[in-house]
Amino acid sequence: MATALITGGTSGIGAAFARQLAAAGYDLVLVARDQSRLVSVAAELHAASGIDVEVLRADLADRADVARVASRIEDAARPIDMLVNNAGFAVPVALTAVDASLHERAFDVMCRAILVLGGAAGRAMRQRGGTIINISSLQSFLATGSYGAIKAWVTAYSQGLAVELRGTGVKVTAVLPGWVRTEWHERAGVRRSSIPGWLWTEPDDVARIALRDAARGRVISVPTVRYRVLGWFARHLPMRTIRWISAGISSSRGEATPATQAPEHHVKADGQP
């Protein structure tokens with residue numbers, strides 16, 4: 001029986017991954033900071049699919065907790081076949097803010113934790129194969145403050161890891177969603193009414209397309225045709241135009257921009273879609 005470890009697996013996109021992998025027969029390890037929610041979601045998944053669900057309470061802003069999760073990934077007696085790095089949260093703070101603590105926590109959760117856990121998975125899987133999925137964002141292509149910069153790192157890191165693990169049987173995929181209907185937006189203060197209806201996607205669609213693309217060995221997965229088209233333009237428009245678009249998004253949405261995750265509030269391990 002294959003096992004998948006998901007950070008942020010109790011809500012939004014992470015929960016969609018958990019449901020779909022459970023339905024496919026994967027046992028699960030769910031990582032989050034909210035113990036009661038972990039237990040509740042684990043019970044629901046077990047009842048629905050009959051799979052085993054292990055819960056691991058961890059705050060991915062805490063280096064000791066990240067180390068514990070990495071140790072679980074590298075436990076040869078209980079191998080992990082798929083890692084989904086999904087935890088994260090919005091960073092609605094100016095880059096010039098005096099208090100940079102939220103930016104620092106964002107780097108810890110959405111950069112450092114992904115680096116450490118991805119490295120652990122790469123080491124553990126390179127002898128037997130496996131899959132690493134990192135949830136990034138279309139903001140990788142925009143200039144939307146700290147969050148966009150962090151997600152650009154996730155995209156670049158995933159491509160570098162895919163190159164490093166080429167030929168080992170380990171597949172690495174960065175998933176770049178646009179706007180997704182999750183709790184992320186309410187917690188980030190985003191008004192859904194301000195975003196055209198045709199731009200919204202569903203968490204289950206994102207997870208389904210991401211899993212399909214990962215199985216096909218695609219390093220970059222952009223869920224839905226409309227976002228693949230928008231992503232193409234974002235990659236090929238002049239940078240001056242991208243900065244103009246990014247400024248419009250940030251000012252009109254109050255820092256609300258395409259998201260990937262729905263946090264259990266700011267730094268919970270199940271903090272993103």
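Filter the range 116-138 down to residues that are part of a helix (DSSP H, G or I) and within 13 Å of the chain's Cα centre (by Cα) and give me whichever is nearest to A215 (Cα to Cα). Talk me through it step by step, then tell me what you get.
Of all residues in the range 116-138, those part of a helix (DSSP H, G or I) come to 116-125, 138.
Filter once more, so that each one left must be within 13 Å of the chain's Cα centre (by Cα): 117-118, 138.
Details: L117: 20, G118: 18, L138: 21 Å.
Step by step, filter the range 116-138, then rank; the result is G118.
Here are some residues: G189, G271. Which one is at positive phi, surrounded by 12 or more Cβ atoms within 10 Å (Cβ to Cβ) and modelled with pLDDT under 65?
On the way: G271 fails: at positive phi.
Of G189, G271, the one residue that is at positive phi, surrounded by 12 or more Cβ atoms within 10 Å (Cβ to Cβ) and modelled with pLDDT under 65 is G189.
Could you please find all residues in the range 1-57 being touching a residue at least 24 places away in the same chain (Cβ under 8 Å) and of a type in the set (D, E, K, R)?
Across the range 1-57, the qualifying residues are R19, D27, R33, D34, R37, D52, E54, R57.
Which residues, taken from the range 87-111, are of a type outside the set (A, V, I, L, M), part of a loop (DSSP other than H, G, I, E, B) and over 21 Å from W179 (Cα atoms)? Give the steps one after another, and end with the answer.
Keep residues of the range 87-111 that are of a type outside the set (A, V, I, L, M), which gives 88-89, 92, 96, 99, 101, 103-105, 107-108, 111.
Now restrict to residues that are part of a loop (DSSP other than H, G, I, E, B): 88-89, 92, 96, 99.
Selection gives T96, D99.
Starting from residues that are β-branched (V, I, T) and more than 17 Å from the chain's Cα centre (by Cα), keep the ones in the range 91-107 and report whichever is surrounded by the most Cβ atoms within 10 Å (Cβ to Cβ). Before the answer, list the steps.
Here is the first cut: in the range 91-107, the ones β-branched (V, I, T) are 91, 93, 96, 98.
Adding the requirement that they be more than 17 Å from the chain's Cα centre (by Cα) leaves 93, 96, 98.
Working: V93: 17, T96: 6, V98: 5.
Among them, the one singled out is V93.
Can you work out which of the residues in the range 108-162 that are within 13 Å of G88 (Cβ to Cβ) and of a type in the set (D, E, K, R) is surrounded by the most Cβ atoms within 10 Å (Cβ to Cβ)?
Taking the candidates together, the pick is K151.
The values are calculated or read from the model by the stated rules, or taken from the named source; none is laboratory data. Because the structure is predicted, anything quoted here is derived from the model rather than measured. Every residue, glycine as well, gets a Cβ built from its backbone with ideal geometry; the counts of neighbours run over all protein chains shown.
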